[in-house]
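**Q** I'd like to ask you about the structure that follows.
The values are calculated or read from the model by the stated rules, or taken from the named source; none is laboratory data. Keep in mind that what you see is a predicted model, and the values were worked out from it rather than measured. Cβ coordinates were reconstructed from backbone atoms using ideal geometry, including for glycine residues, and neighbour counts include every protein chain displayed. Accessible surface areas use protein heavy atoms only, side chains included; no ligands, DNA or RNA. Shrake-Rupley method; radii C 1.70, N 1.55, O 1.52, S 1.80 Å.
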Amino acid sequence: METYKQDFIEFMVRSNVLTFGDFTTKSGRKTPFFINTGRYRTGEQMNRLAGFYADAIQASGLEFDFLFGPAYKGIPLAVAVSMELSRRGTDVPFCFNRKEAKDHGEGGTLVGHKPVAGERVLIVEDVTTAGTSIRETVPVLKTAADVTVAGLVVSVNRMERGQGTLNALTELRDEFSMQTFAIVDIAEIANFLRGREVDGTVVVTDELFEKIQAYRAQYGGEA
């Protein structure tokens, strides 16, 4: 596994973003792990997070013209990643949407870069479980201009079924003919943390690892 992925997994644990126990997802599924990106709260955390996104984006080799951050969690992500890519020598614009259209001033639903027909957009999201937010996002972009949705990057791929038998990221890839990828996926997380100490504590015991495997066997989607 690439070093940046290992560093990102430990970063999530230390930020209390990645936690293990007994949780219930919005869809009602009982899960032994939970990812709450709302716990990224400091400038230093956002700097590091943007760096991990930039690592994954550069490793993907994807070509794009601007970043888009869906409201709300995608907004600071798109801004931070744009800044990090600029520090690395690639200056790309960003934009994001409002939940409600503005009827005064510049108006419209998009803020920041104004999409132009033919441009390629990379959507930056936190975690996609079922793909609902992306299916709401693509029409917003297409209404603004005839852009090509080149890709979607998320922090963690939970590898769970979307609307059919495929996992959500693969489903979105096929549905919108775009590249989809994550900084890490749950299989990489479980395998890396199994029996490993982070700050003196074993995060994923053998028992917990088996619970994660059982959850994936029940709800996992095909790649």
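**Q** Only one of these is of a type in the set (S, T, Y) and buried (at least 16 other Cβ atoms within 10 Å of the Cβ): T37, T24. Name it.
**A** The conditions single out T37.
**Q** Would you please name the residue that is farthest from the chain's Cα centre (by Cα), looking only at residues in the range 60-92 that are β-branched (V, I, T) and open to solvent by less than 60 Å² (accessible area, probe 1.4 Å)?
**A** V92
**Q** Tell me, which residue of the range 183-201 that is in contact with a Lys or Arg (Cβ under 9 Å, 6 or more places away or on another chain) and among the small types (G, A, S) is least open to solvent (accessible area, probe 1.4 Å)?
**A** If we take residues in the range 183-201 being in contact with a Lys or Arg (Cβ under 9 Å, 6 or more places away or on another chain) and among the small types (G, A, S), then A190 is least open to solvent (accessible area, probe 1.4 Å).
**Q** Taking the range 111-136, which residues are part of a loop (DSSP other than H, G, I, E, B), open to solvent by 40 Å² or more (accessible area, probe 1.4 Å) and at positive phi?
**A** Once the filter is applied, which keeps residues that are part of a loop (DSSP other than H, G, I, E, B), open to solvent by 40 Å² or more (accessible area, probe 1.4 Å) and at positive phi, the range 111-136 yields only G118.
**Q** Return yes or no: is F8 more than 14 Å from the chain's Cα centre (by Cα) and in contact (Cβ under 8 Å) with a residue 12 or more places away in the chain?
**A** No.
**Q** Looking at F52, F64, F68, which is the one that is more than 27 Å from F11 (Cα to Cα) and aromatic (F, W, Y)?
**A** The conditions single out F64.
**Q** Does A117 satisfy being at pLDDT 95 or above, of a type in the set (A, V, I, L, M, F, W, C) and more than 25 Å from D55 (Cα to Cα)? Break it down stepwise before answering.
**A** Details: at pLDDT 95 or above: yes; of a type in the set (A, V, I, L, M, F, W, C): yes; more than 25 Å from D55 (Cα to Cα): yes.
It is true that A117 is at pLDDT 95 or above, of a type in the set (A, V, I, L, M, F, W, C) and more than 25 Å from D55 (Cα to Cα).
**Q** Collect the residues in the range 176-223 that are under 20 Å from the mean Cα position of the chain (by Cα), among the charged types (D, E, K, R) and under 13 Å from P32 (Cα atoms), keeping them in residue-number order.
**A** R216
**Q** For the range 148-163, does any single residue satisfy the condition of being farther than 27 Å from S15 by Cβ, open to solvent by 30 Å² or more (accessible area, probe 1.4 Å), out of contact with any His (no Cβ under 6 Å at 6 or more places or on another chain) and free of Cβ contacts under 8 Å to residues at least 40 places away in the same chain?
**A** Yes, that holds for at least one residue.
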